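Notes follow the structure.
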């Protein structure tokens, strides 16, 4: 259009039918125009909205009910969005336009917030044979093939275990096999011991009543609940959550129950593993939950809580040397940093007496074993 004829005003008499295509296609006065160059018949473009216009405000539409748009109560209750998760290609344009729209609506008095999203997590790509997995490259792994060979649970578990969500995932057939083996080990352990587990009626009140090896498994279970919960809810690192469950699985396999207390601990740990694994591999966990005599569905159960006291590591004995000679011992928690261990060793009363006014040249920490103070 010549500049003198701009802007082209959109008609207001169009009907929004919800059918496919632009409502402008039904407006003869808008659709049919005269070519400004030759004077012949012309057709105006009806696709006038960029796709980013839709994706820049759709989250606001989710806040409204079906019947009415109530800007004040609905938007003030739901906005801003707590967590936005999307591909890395959205991290600039979509996010930028969403912020533009949000601020315009704020300036119009329709919104009370300036930012649409509180947190952003950009997920990585899936890489196979060194290239981004895509249909155009022909390097896509067929999910139907994986599900037919390994099952949906294995496919889900590997995809989540292979990398943290913000990193690219390197597809590996060996990795799929590893996830498959883990689920098979879990299945084998449960079915091997299911009758003993079903008949275990003893209740664990506190770890102090347990045998030393049962107490270790009890502690590891509470540590795993804490780690998996934090990895899912705070970090979104599903790979480390699954790794923690694999570690606990190794403890279960090496555990040999003998007493009623042992079997009660074993049952508690098995049930915890199934509950924590259920979001990742829902089908096998539902099956095994029923196999050990539990009803109703595992997905109607409460997410397990951890006991902070039970999750504490046992204290370990730390040897303190001066110039390579044993001078004292100290009981410490294994989670301390090197700097904390150095400080505790230097301030130990017997060590302070030996060091006296001498100059400390170096403090060497061997994690979990000893501290050597060089004077």
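Values quoted throughout were computed directly from the atomic coordinates according to the rules given, and no laboratory measurement underlies them. From a predicted model like this one, the values you see are computed outputs, not experimental measurements. Virtual Cβ from ideal backbone geometry, glycine too; neighbours counted across all protein chains shown.
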Spin-label zone in the stretch 285-322 - amide nitrogen under 18 Å from a point set 7 Å from the Cα of residue 204 along the C-beta vector: 289, 292-294, 302-315
Tell me the angle of helix 93-107 to the major Cα principal axis of the chain, expressed in degrees between 0 and 90 and rounded to the nearest ten. 70 degrees
Inter-part distance where the stretch 284-303 and the stretch 54-120 are each reduced to a Cα centre, Å: 38 Å
Most fluctuating residue given options 363, 273, 228, as computed from a GNM of the chain linking Cα atoms under 10 Å: 363
Roughly speaking, what is the centre-to-centre gap between the stretch 324-375 and the stretch 228-270 when only Cα atoms are used, to the nearest Å? 34 Å
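Based only on other Cβ atoms within 10 Å, what is the fewest-to-most ordering of 35, 63?
Values: 35 10, 63 17.
Final ranking by Cβ density, sparse to dense: 35, 63.
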Rounded to 10°, Cα long-axis angle of helix 260-277 versus longest principal axis of the chain: 20 degrees
Computed FRET efficiency, Cβ-Cβ of residue 17 and residue 307, R0 56 Å: what is it to the nearest 0.05? 0.40
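Based on the alpha-carbon gyration tensor of the stretch 143-310 and its eigenvalue square roots a ≥ b ≥ c, which shape applies: rounded if a/c is under 1.5, prolate if not and a/b is larger than b/c, or oblate?
prolate
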Under the 0.36 nm per residue contour assumption, what length would be gained going from the current alpha-carbon distance of residue 5 and residue 260 to full extension? 82.9 nm
Describe numerically, in nm with one decimal, the distance between label points set 7 Å from Cα along Cα→Cβ at residue 142 and at residue 25. 3.5 nm
Tell me, what does the Kirkwood hydrodynamic radius of the chain come to in angstroms if you use every pair of distinct C-alpha atoms? 27.3 Å
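Once Rh for the stretch 3-43 is found with the Kirkwood sum over Cα pairs, what is the Stokes-Einstein diffusion coefficient at 20 °C and 1.002 mPa s, in µm²/s?
On the way: Rh = 11.8 Å.
This corresponds to a translational diffusion coefficient of 181 µm²/s.
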Mean Cα-pair separation over length for the stretch 1-158, i.e. relative contact order, pairs under 8 Å, 6 or more apart, %: 14 percent
Under 10 Å, Cα contacts only: if you run a Gaussian network model on the chain, which one of 271, 308, 340 comes out with the highest mean-square fluctuation? 340
Let's test the formula: R0 of 22 Å, r as the Cβ-Cβ distance of residue 66 and residue 112. What FRET efficiency results, to the nearest 0.05? 0.40
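Rule-of-thumb check for the stretch 316-374: C-alpha Rg over 2.2 N^0.38 Å?
This ratio for the stretch 316-374 stands at 1.00.
Restricting to Cα pairs below 8 Å that are 6+ residues apart, what does the relative contact order work out to for the stretch 316-374? Please round to a whole percent.
45 percent
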Mean-square fluctuation check for the chain, GNM, Cα pairs under 10 Å: which of 29, 285, 224 is largest? 29
Which of 222, 90, 283 has the fewest Cβ neighbours within 10 Å, and the rest in rising order: 283, 90, 222
